[in-house]
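Structure, as structure tokens:
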Amino acid sequence: MRALRRQFLRGDFYGIGMPVRPPWALREPQFVERCTRCDACRTACPTRIIVRGQDGFPRADFARGECTFCGDCVQACEAAALRREAGAAWSVKAGIGAACIALKPVVCRSCGDACETRAIRFKLRPGGVAAPNIEIDTCTGCGACYGVCPVGAIAMRHGETEVTA
Ligand code: SF4
Ligand code: SF4
Ligand code: SF4
């Protein structure tokens, strides 16, 4: 937990040695032990956000779209490296970086418009332009905001909640 918090605070978005696995993945050491690199989760994903990493293990790529938490990847995983009973889907959260043009300030609300859970709230700043703020507890880490940001200011990172096994 402490390591994840440190990564979050220093902007180590994916965490050292911690790529974003498909949702409901076991803890990393158990995941890589169980996963057979069969690609079944990747082919099952309707939004195509699961890609094959260089090491052959699957990881999420939010540049391709968002996770709808449909669970198709879990169903497809015969090795049970992804398990619904693992608890929360994942620890991933969105974070807004300094490149955000609303901080410049230029009017932009694209990420807020894309967020179904309304985790992104805009607060008026001096100068009359509202800047986004993400409520971490409400963010599901779906990634819908990631691709719509015109300047790539959003990063998807492991939050403070650990993926449980
Ligand atoms: S839950 Fe559904 S949308 Fe999300 S990664 Fe798995 S298959 Fe893809
Ligand atoms: S990752 Fe999803 S829930 Fe979180 S802020 Fe972005 S759109 Fe909203
Ligand atoms: S979409 Fe990007 S630039 Fe626009 S408000 Fe959100 S983070 Fe800022």
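Every read-out reported here was derived from the displayed coordinates using simple, explicitly stated rules and does not represent laboratory data. Everything numeric here is computed off the predicted structure, so don't read it as measured data. We place every Cβ from the backbone using ideal geometry, glycine too, and count neighbours over all the protein chains shown.
Between Leu124, Leu82, Leu103, which gets the highest mean-square fluctuation from a Gaussian network model of the chain, Cα cutoff 10 Å?
Leu124
In percent, what relative contact order does the stretch 93-158 have, based on Cα pairs under 8 Å that are 6 or more apart in sequence? Let's see the in-between values first.
Values: 114 pairs, mean separation 30.9, N = 66.
Rounded, it is 47 percent for the stretch 93-158.
When the chain is modelled as a GNM with alpha-carbon springs shorter than 10 Å, which of Val92, Val51, Val151 fluctuates the most?
So, out of Val92, Val51, Val151, the one fluctuating most is Val151.
Can you check what the net charge comes to around Cys100, using other residues whose Cβ is under 12 Å from the Cβ of Cys100 (Lys, Arg +1; Asp, Glu -1)? Let's see the in-between values first.
Details: positive: Lys104, Arg109, Arg125; negative: none.
Once positives and negatives cancel, what remains is +3.
Find the relative contact order for the stretch 24-81 and round it to a whole percent, using C-alpha pairs within less than 8 Å whose residues are 6+ positions apart.
Numbers: 71 pairs, mean separation 23.5, N = 58.
Result for the stretch 24-81 is 41 percent.
Expected output is a single nm value to one decimal: the length gained when fully extending between Glu116 and Val151, i.e. 0.36 nm times separation in residues minus the C-alpha distance. What is it? Don't skip to the end; give the middle numbers.
On the way: separation 35, 0.36 × 35 = 12.60 nm, distance 2.07 nm.
Contour length minus the Cα-Cα distance gives 10.5 nm.
How much FRET efficiency would the formula 1/(1 + (r/R0)^6) give for Gln30 and Thr68, where r is the Cβ-Cβ distance and R0 is 22 Å, rounded to 0.05? Each step should come with its number before you reach the end.
On the way: r = 25 Å, r/R0 = 1.14.
According to the calculation, E is roughly 0.30.
Can you sort Ile96, Ile154 so the residue with the fewest Cβ neighbours within 10 Å comes first? Please report the intermediate quantities before stating the final value.
Working: Ile96 19, Ile154 26.
Ordered from fewest to most neighbouring Cβ atoms within 10 Å, Ile96, Ile154 come out as Ile96, Ile154.
List residues of the stretch 68-82, by number, whose backbone nitrogen lies under 14 Å from a label position 7 Å along Cα→C-beta of Cys38.
73-82
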